[in-house]
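Okay, structure first, notes after.
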Amino acid sequence: MLARRIIPCLDVKDGRVVKGSQFQALKDVDDPKKLGKRYSLEGADELVFYDITASHEAREISLQFVEEVAEEINIPFCVGGGLKTLDDIANVLNKGADKVSINSAAIDNPDLIKKASQKYGAQCIVLSIDVKQVDDAYIVFKNGGRINTGIDALEWAQKGVELGAGELVINSMNHDGMKQGFDIPLLNKITELVNVPVIASGGAGNTQHFVDLAKATDVDGYLAASVFHYNEIKISYLKETLRQNNIPVRIER
Amino acid sequence: MNVIIDYKVGNIGSISRGLTRAGIDAKISANPEDIKQAEILFLPGVGAFKDAMEDLVKTGLVPLINDHVTQGKLLVGICLGMQLLFDSSTEYGHTKGLGYIPGEVVYLDIEKKVPHMGWNQLMFNQDNHTLKYINENDYVYFVHSYYANTAPDNVVAYTDYDINIPAIVRRDNVIGMQFHPEKSGQVGLQLLKAIKEMTS
């Protein structure tokens, strides 16, 4: 049976994994390959690295971590953050990433998804969507959630898949950082519409939130950052809990 | 010496790093002399069957790979490389494969999401040394939209995704893995370790 995937997400700045909420000063914490390896040994099924390095020049240096991670880690990993062109995507894939995640650039230039998918295959093109519920509508935001695009999130999800995205990451801005559980109604709406894997992001606070998500949705992967970084949830414990609830998960030996 | 056949497909670096982690030294090469001397030949591959087969034929190495197999030496196909071991594929028309294992590569025409992407379990079908260090129901990482339709005789392990998909196939000294052992955590490493022991 296909397993549900547990996906820790790591923010990388200038080649180092950083943590801290958006409103706090970022603190240098760890080496991406070291932390990636630790998560991989604890049973993570996949890793996502977001490069949040500000300038384009600095980003090229920062991305050297991708090669180091590829050397060390034997599970799939995705790299995102600031990828705007086919060359940017090629660069990250050539460094050894298995997938790339595209967010704002796809909104500005939907053709990027199409071209990248044709060139590298849908399986390695992940469309990441920041969604905020405004009144009764789900709206796409861009630039790290700062700009309201006015685009309907459900339509954008469908369009993204038509363009060639092989996977969607749905980040609920209303739930992000609240630690009150995932946005189950939104995720159910998305999984009903598309026939590619959907990854839930935003809202994980405890293991029960993952169990609730698994029982209420067909979502394929569960992405979280802080609960793993701060050791509030240990991946091995989370997976054991899911297994006891009859959710198919891979238990690493 | 072991050789990863270099025919310009995308994931050669990834397989090379995976083999290194499993303690297998393998040179990435399209040099006929290297192919002739290889103990284990690894055939990688991602993308479409037709393009990959054309690229492989273009290298002129196919007769040498045939010799390698005839001599009883080990050939290991991974992901699309595994599919190339079969007679033919229906991906973008009808394309002939290497024909070492009888069967046809066809589209996964099922209810579930395609590509079949993620971690799925191995169900053992027959004894084989590749399985020595792993357990039934261990998980490995799959990414594919086509699968090899072949007789149970050629299948070492299946995985279940609406239908039984051949995950590890073999015919004598030719072995194929539909999944990515280099991306399959500890289980993948153990599979490659077993393959390393199958030389000589």
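General remarks:
- Check on A:GLN118, modelled with pLDDT under 95, open to solvent by 10 Å² or more (accessible area, probe 1.4 Å) and either of a type in the set (Phe, Trp, Tyr) or not in a loop (DSSP other than H, G, I, E, B) (or both): yes
- Residue satisfying condition, being within 11 Å of chain B (Cβ to nearest Cβ), surrounded by 23 or more Cβ atoms within 10 Å (Cβ to Cβ) and within 25 Å of B:ARG17 (Cβ to Cβ), within set A:ILE89, A:ILE125, A:ILE73: A:ILE73
- Candidate set: the range B:171-186, residues that are surrounded by fewer than 24 Cβ atoms within 10 Å (Cβ to Cβ) and touching a residue at least 12 places away in the same chain (Cβ under 8 Å); chosen: the one nearest to the chain's Cα centre (by Cα): B:VAL174
- Scanning the range B:17-52 for residues that are open to solvent by 20 Å² or more (accessible area, probe 1.4 Å), in a helix (DSSP H, G or I), touching a residue at least 24 places away in the same chain (Cβ under 8 Å) and within 29 Å of B:THR90 (Cα to Cα) yields a count of 1.
- Helices (runs of 4 or more DSSP H) fully within the range A:146-238 counting 2 or more residues that are within 14 Å of chain B (Cβ to nearest Cβ) and either touching a Ser or Thr at 6+ places or on another chain (Cβ under 9 Å) or surrounded by fewer than 16 Cβ atoms within 10 Å (Cβ to Cβ) (or both): A:184-193
- Scanning the range A:36-56 for residues that are closer than 17 Å to A:GLU252 by Cα and crowded, with 16+ Cβ neighbours inside 10 Å returns A:GLY36, A:LYS37, A:TYR39, A:SER40, A:GLU42, A:GLY43, A:ALA44, A:ASP45, A:GLU46, A:LEU47.
Conditions (1) in contact with a helix residue (DSSP H, G or I) (Cβ under 7 Å, 6 or more places away or on another chain); (2) of a type in the set (A, V, I, L, M); (3) closer than 27 Å to B:GLU197 by Cβ, marked per residue:
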residue: B:LEU41; (1), (2), (3): yes, yes, yes
residue: B:ASP55; (1), (2), (3): no, no, no
residue: B:THR59; (1), (2), (3): no, no, no
residue: B:VAL69; (1), (2), (3): no, yes, yes
residue: B:LEU80; (1), (2), (3): yes, yes, yes
residue: B:LEU84; (1), (2), (3): yes, yes, yes
residue: B:HIS94; (1), (2), (3): no, no, no
residue: B:GLY97; (1), (2), (3): yes, no, no
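- Applying the criterion of being under 19 Å from A:ARG16 (Cα atoms) and in contact with a helix residue (DSSP H, G or I) (Cβ under 7 Å, 6 or more places away or on another chain) to the residues of the range A:94-115, the residue that is surrounded by the fewest Cβ atoms within 10 Å (Cβ to Cβ) is A:LYS95.
- Residue in the range B:143-153 that is open to solvent by 50 Å² or more (accessible area, probe 1.4 Å), touching a residue at least 60 places away in the same chain (Cβ under 8 Å) and under 17 Å from the mean Cα position of the chain (by Cα) present: no
- Filtered by the rule that a residue be at the interface with chain A (Cβ under 8 Å from one of its Cβ atoms) and either of a type in the set (A, V, I, L, M, F, W, C) or closer than 20 Å to B:GLY81 by Cβ (or both), the range B:139-153 gives B:TYR141, B:VAL143.
- Condition check for B:ASN137: of a type in the set (S, T, N, Q), out of contact with any helix residue (DSSP H, G or I) (no Cβ under 6 Å at 6 or more places or on another chain) and free of Cβ contacts under 8 Å to residues at least 40 places away in the same chain: yes
- Counted residues, the range B:100-127 - those being surrounded by fewer than 17 Cβ atoms within 10 Å (Cβ to Cβ), within 11 Å of chain A (Cβ to nearest Cβ) and within 19 Å of B:VAL156 (Cα to Cα): 1
- For the range B:99-116, the set of residues classified as within 18 Å of B:HIS180 (Cα to Cα) and either in contact with a helix residue (DSSP H, G or I) (Cβ under 7 Å, 6 or more places away or on another chain) or charged (D, E, K, R) (or both) consists of B:VAL105, B:PRO115, listed by residue number.
This table checks each residue for (1) away from chain A (no Cβ under 14 Å); (2) surrounded by fewer than 23 Cβ atoms within 10 Å (Cβ to Cβ).
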| site | (1), (2) |
| --- | --- |
| B:GLU54 | yes, yes |
| B:GLY77 | yes, no |
| B:MET82 | yes, no |
| B:HIS94 | yes, yes |
| B:HIS129 | yes, yes |
| B:ASN137 | no, yes |
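The values are calculated or read from the model by the stated rules, or taken from the named source; none is laboratory data. Treat the numbers as computed from the prediction; the structure is a model and nothing was measured. Please note: Cβ atoms are built from the backbone with ideal geometry, for glycine as well, and neighbour counts cover all protein chains shown. Accessible surface areas use protein heavy atoms only, side chains included; no ligands, DNA or RNA. Shrake-Rupley method; radii C 1.70, N 1.55, O 1.52, S 1.80 Å.
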